[in-house]
1. Under 29 Å Cα to Cα from K55, which lysines show up? Leave out anything in the same chain fewer than 8 places away.
2. Using the charge dipole of the chain (Lys, Arg: +1 at Cβ; Asp, Glu: -1 at Cβ; taken about the Cα centre), state which of L63, L183, V52 has its Cα farthest towards the positive end.
3. Kindly identify segment 66-115 as rounded, prolate or oblate by the Cα gyration tensor criterion: order the square roots of the eigenvalues as a ≥ b ≥ c, call it rounded if a/c is under 1.5, otherwise compare a/b with b/c, prolate if a/b is larger, else oblate.
4. Rounded to the nearest 10 degrees, what's the angle between the helix 199-210 long axis and the longest principal axis of the chain, both from Cα atoms, 0 to 90?
5. What does the helix-only formula give at 222 nm for the chain: each DSSP H stretch with n ≥ 4 adding -39500 (n - 2.57), the total divided by the residues, and the result rounded to the nearest 500 deg cm²/dmol?
6. Could you order the peptides 111-120, 182-191 from most to least packed, using the average number of other C-beta atoms within 10 Å per residue?
7. Just the projected area, averaged over all directions, of the convex hull on the alpha carbon atoms of the chain: how many nm²?
Amino acid sequence: MPTRTGRPPKISRAEIVAAALRVIEEDGVGALTMRRLAREVGSTAMAIYHHVRDKEELLLLLLDDYAAGIPRPELPEEPRERVVAAAMAMHEAVSGCPWVVDVLRADDLMSVGALWYPERIVDAAVRAGLTTEEAVDVYRIIWHYTMGEIGGRAVARRRREEERSTYRERVFAELDAEEFPRLSEVAGRWEELTARDTYAKGVRALVKGLLP
């Protein structure tokens, strides 16, 4: 078969974004490079640069697409409940897409569409009696708690899927009951207990302590 020559086929920005999403979903954010993307669409890295400036712009486009597809719930009027409901919606939106967690963990890139969540949380905190600056602190504390909770549960889920014994399990199996009496009571159930979804309980406790 003769080798194909001439210009590579024309590609669209939509095709590039779709290919970038495939790469990320299959192999993670770290695998996304312009060279890998060019192979995915059957073109050249130079052709990719005609449509997007760099990897950062690609990730922003992906974030915008994802944020645009997330339904925004009706929120209660009472400020505390409003903060809790907005935080729960934010948690659901982020945890529903693993690669979004990896991108947002850097705390730099964000979608303008996703600013709906901090806007509602900050506004509700101001309505509860805080200054705008204090309300931003409330949002940041909730955001870091949210990302930490999602990240921790993701790690635990991967351990369960791999079905392998962990160092933590071995430690708890050999706990000295005299030195750690309380932990020994639940040692055999530690993995089960720490895998429970406590996000709602945690965010309510945060809101109770943070809002006047």
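1. Once the sequence-local lysines are set aside, what remains near K55 is K10.
2. Ranked along the dipole, the leading option is V52.
3. On the way: a/c = 2.14, a/b = 1.91, b/c = 1.12.
Here segment 66-115 falls in the prolate category.
4. Once rounded, the angle reads 70 degrees.
5. On the way: 12 runs with 138 residues, N = 212.
Estimated from H runs of four or more residues: -20000 deg cm²/dmol.
6. Peptide ranking by packing, descending: 111-120, 182-191.
7. On the way: hull surface 69.2 nm².
For the chain, averaging the hull's shadow over all directions gives 17.3 nm².
Every number in this text was worked out from the coordinates using simple rules, so none of it is lab data. Remember, predicted model here, so these are calculated numbers, not experimental data. Virtual Cβ from ideal backbone geometry, glycine too; neighbours counted across all protein chains shown.
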